[in-house]
Amino acid sequence: MAPKSVFIVAGLAGLAAVTGVTSAVMQSPSPQPTVTVSESPKAIASASPTPNPQATNFSPPKPQTEPPVAQSPEPAPEKPGEALREVESCKVTMAKVSDPNPPLNVRSTPNTTSDDNVVGQLKNDTFVTIIGEQEGWFRVSTPVKGWISIKNTESGCNGKVERVSFGKGGNSAEISDRIIGTGSHQYRFNLAKGQMLTVRSQKRDLPTILAPNGKVINDPQNGSQVWMGELPATGDYTLEMESNFKGYKYSFSVEVK
């Protein structure tokens, strides 16, 4: 019987020893959970806490939006009554020399790579006859044949035809331009029989007024600055300014009622 008692005592002592170790482990602070490489992705995901918007200041990320696209500005509305002008044809046949460093070189070819192609020189205010144009150059025939730089000249339409129409609710137009050298500028208006036409000159003489049949209905050389008359027919009326020599600036107004 003595050996069995010893076995019981020894068993109780072992149990006490085990119980003491377990107690010590429970009393020590719990280590932070760690993730090892042996854990599966599902285990890692379940170990991560889910944020609670009500318990924390967590804000879900805002969705990304595309930057605003700049809108092209809308075209400015047409001013009520503003006349519409459209150039139907323009021919440049003369120009006047205007070089900031005169005299202007006339060259045999349209380039400035060297001075070997200079065939003449022109003083400022010299009128030249133009027979061609190429990439910033005029080809001239008088007073010297060759090429001159366009940027060193004053030029414009020597022969011009322009269509003018009154804007919505309008009945008048202001016309201003310049003829350089000889030339003719024509302004065409589609008008109705019985309308009263008034033309006033602000600079130079009145334009010549031609009816749809080509007949002149005014006298632009009488020195008057105003012409008024009832139109005899419906159709295109042409107001023409002409120059026979050096040209000029002009300005006049047209009104119909």
Stretched fully, the stretch from Val119 through Asp219 gains (0.36 nm per residue minus C-alpha distance, one decimal, in nm) 31.3 nm
A student applying the Cα gyration tensor rule (rounded when a/c is under 1.5; otherwise prolate if a/b is larger than b/c, oblate if not) would label the range 81-236 prolate
Here the relative contact order (percent) of the range 92-155, from C-alpha pairs under 8 Å and at least 6 apart, is 40
Per DSSP, the loop-located chymotrypsin sites (Phe, Trp or Tyr not before Pro) within the range 218-256 having at most 11 other beta carbons within 10 Å are Phe245
Env charge @ Gly183, Cβ radius under 9 Å, K,R +1 / D,E -1, value +1
Ser243 neighbourhood, Cβ < 15 Å, K/R = +1, D/E = -1, net charge +3
So, with points 7 Å from each Cα along the Cβ direction, the Glu154-Lys257 label distance in nm works out to 3.8
The summed charge of the Pro103 Cβ neighbourhood (under 12 Å; Lys/Arg +1, Asp/Glu -1) stands at -1
Where a ≥ b ≥ c are root eigenvalues of the Cα gyration tensor, a/c under 1.5 meaning rounded, otherwise prolate if a/b exceeds b/c and oblate otherwise, the range 92-155 counts as rounded
Full extension between Glu135 and Ala192 adds, at 0.36 nm per residue less the Cα distance, a length in nm of 16.1 nm
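Only the coordinates and a few stated rules stand behind these numbers; no lab work does. A quick note: this is a predicted structure, and the numbers were derived from the prediction, not measured. Every residue, glycine as well, gets a Cβ built from its backbone with ideal geometry; the counts of neighbours run over all protein chains shown.
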